[in-house]
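Okay, structure first, notes after.
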Amino acid sequence: MTPEYVPLVIAALIFVGVLSIGLMIGEAVERNTRRFSAELADESRLAEQNSRVIRALGRTFRGLGAPFDTEWLDLRLTYAGRPYGGIGGQEYMAATIVLASLVGLGAGAFFTAVAAMGGEGVSAGTFVTWTVVIALIVAILLLQDVNAKARETSFDIEREFPFFLDLAVLVVQAGGTPYRSLGKYVEASPGTALSHEIAITAKDADATSFEEALLRLAGRVEPTSVKTILKNLAQGEKSSGEAEQFYTEQAEELRHLREELANRTAERLRTNIVFPVFLMLFGIVIAALAPTIISIRSQGFF
């Protein structure tokens, strides 16, 4: 090989090497993306299977939840978007009792068997204690799961609602009706918590009226700001004012409410962070003065 071709060969080898590395990285990213998508699909199927189990148990053993006051649980399920289908608080409580009992019995039998294999004395009290403790823990976790879902759904709805109002304003400005904005939002934001509620509202509006559908939506959501705006929108349906101006005013009001809420949250965070910062500064000062204090004490001043 002549010397003048050496730089070209080196450049070609570098190009091939970089291209190969890029292809390997791209293949790895694509493989991870496919795996992540498969995991999401598996998670979705698992969630649906869990929902079916809870629905089946709740409807089969519905009577177990009758002695309990489940109105609060029914409200939390509503705010959570009914993640387990049409079951109410009584059915979910029944499913919780059955699942907690089954898991508790299994755990009690397991720990009793472990104690027996370890040479410890086994009694009925050991089995009952483990069963009751594990069952209570499982029941608390299942009930807390509903609260967690309700908080998450409420946060998502409060975050998404300003975009719905902006879309409603655009639809009205284009000559459409507020009712038409419901379908447009479902098309624009499929699969979100608010689009699920908006789709139900559209069906309610077909069966009753747009005003009644908005009031029902206000009863299914938890954030106070969203409830207030929805009630104002329902009240505005009775008036003969201009829809564009009315929806624009409601959108602006919601922005002001969210700004006020953000300011309050920021003030609370600043207040909460003062004490940790003070402790940090106090620790730094003590660490900085420690050698001086030790020196003074060694000289007998105190």
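No lab work stands behind these numbers, since they all come straight from the coordinates. If you're wondering where the values come from, they're calculated on a predicted model, not measured in any experiment. When we count neighbours, we look across all protein chains shown, and the Cβ atoms used for this are built from the backbone with ideal geometry, even at glycine.
Here the 3J(HN,Hα) profile of the range 182-191, calculated from phi with Karplus coefficients 6.51, -1.76 and 1.60 at θ = phi - 60°, is 5, x, 5, 5, 4, 5, 6, 10, x, x Hz, Gly and Pro shown as x. By the beta-carbon count within 10 Å of each Cβ, the least crowded to most crowded order of LEU182, LEU136, LEU214, fewest first, is LEU136, LEU214, LEU182. A simple rule links phi to the HN-Hα coupling: the Karplus curve 6.51 cos²θ - 1.76 cosθ + 1.60 with θ = phi - 60°, which for the range 169-180 gives 4, 5, 5, 5, 5, 7, x, x, 9, x, 4, 5 Hz, with x for Gly and Pro. Put in line by how crowded their Cβ is, counting other Cβ atoms within 10 Å and starting with the fewest, MET117, MET93 read MET117, MET93. Working value for the range 171-216: equivalent-ellipsoid semi-axes of 16, 15, 7 Å, each the square root of 5 times a Cα gyration tensor eigenvalue, largest first.
On full extension, the segment bounded by PHE68 and LYS231 gains 55.5 nm, given 0.36 nm per residue less the C-alpha separation. When GLU212, GLU187, GLU91 are arranged by Cβ crowding within 10 Å, least crowded first, meaning fewest neighbours, the order is GLU187, GLU212, GLU91. Per residue, the convex hull around the alpha carbon atoms of the range 52-121 comes to 111 Å³.
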